[in-house]
1. Most fluctuating residue of Pro197, Pro169, Pro146 in a GNM of the chain with Cα springs under 10 Å: which is it?
2. Specify the residue with the greatest mean-square fluctuation among Gly131, Gly12, Gly177, computed from a Gaussian network of the chain linking alpha-carbon atoms under 10 Å apart.
3. Out of all Cα-Cα pairs in the range 188-234, roughly what percent, to the nearest whole number, are more than 15 Å apart?
4. Sum -39500 (n - 2.57) across every DSSP H segment of at least 4 residues in the chain, then divide by the residue count to get the 222 nm mean residue ellipticity, nearest 500.
5. P(r) of the chain in 5 Å steps, Cα pairs, percent per bin?
6. Taking the Cα centre of the range 75-225 as the origin and placing charges on Cβ (Lys, Arg +1; Asp, Glu -1), which of Asn196, Met136, Thr78 is farthest toward the positive end of the dipole?
7. What three numbers, in Å, describe the spread of the alpha carbons of the range 227-285 along their principal axes, ordered from the longest?
8. Return an integer: the convex hull volume of the alpha-carbon atoms of the range 180-285, in Å³ per residue.
Amino acid sequence: MQNKVGLVLEGGAMRGMFTAGVLDVLMENNIKFDGAIGVSAGAVFGCNYKSEQIGRTIRYNLKFCNDYRYCSLRSLITTGNLFGETFCYDSIPNHLDIFNQEVYKNNPMEFYVVCTNVSNGKPVYKKCDNGDRNDMEWFRASASMPVLSKIVEIGEYKLLDGGISDPIPLKWFRSMGYDFNVVILTQPENYIKKYNPAMPLIKKLFSKYPEFIDAMSTRHNLYNAQREYVMNEKANNKTVVIQPPYKLNIGRIEHDPNKLKDTYELGRITAIKSLKRIEKLIGSI
């Protein structure tokens, strides 16, 4: 069986501007993957890789970062979602900065997203083939942060942020036959995730979902273990890891266009420095 090359995209809300910069450089250099998997921001920004839209992520984020319909306390109070559901997943992709659904659908690269099933705290992996309204719902679910978003219901699932249950899904992607991978992280090498101080609020809001609460309370341990796994795979020369050289000067929610642009540019610089390693990885297969 032919070895497959995968692309694994961590989340991190607006730290995803780093990922956007990396992805644009990879597209500009015609780097192709057999499949990609995105978590949270890695899903909603990473889908532009399959639709081959260089610059789209940074463009609409710069344009709408101070539009209350995109992301604001006003949106959270009036709709229950910090990131406006209709504006982000209908107005922008269908009218204001059109998502190229046709290219997405015809691109043979597989694209998966990770969500968390609120009912049991387990990850749900969804292959999104078409880039249509249904796929947009899965992208939205993957990026729906607890407390700041309403639960997204799709079929029998009640879904929230995929970063809760499988934040860096390299192991799962390898189980799907992607033995060689490029992993884009949004935290620097020395980062260690800590226990969530908002757990008392989360326990109160999600009291009907004890397994979800358990997943949230141990999320930091899972994340740190997955980072260790990624670094071990990097040592085995089957994985190229691209990550910021230092802690990003950007909030999870960010309204300063200069910080968005700076983070994006750092992603570009880091990607350019990583091109030879990526080309070597792909050329070795």
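1. Pro197
2. Taking springs between Cα atoms under 10 Å, the residue moving most is Gly177.
3. Summing the P(r) tail past 15 Å for the range 188-234 gives 50 percent.
4. Calculated mean residue ellipticity at 222 nm is -12500 deg cm²/dmol.
5. Histogramming the chain at 5 Å steps yields 1, 6, 13, 18, 21, 18, 13, 7, 3, 1, 0 percent.
6. Asn196
7. Dimensions of the range 227-285 along the principal axes of its Cα atoms: 42, 24, 15 Å.
8. That works out to 130 Å³ per residue.
Computed from the coordinates by the stated procedures, all read-outs in this text should not be read as laboratory data. Quick caveat: nothing in here was measured; it's all calculated off a predicted structure. Counting neighbours? That spans all protein chains shown, and the Cβs are built from the backbone with ideal geometry, glycine included.
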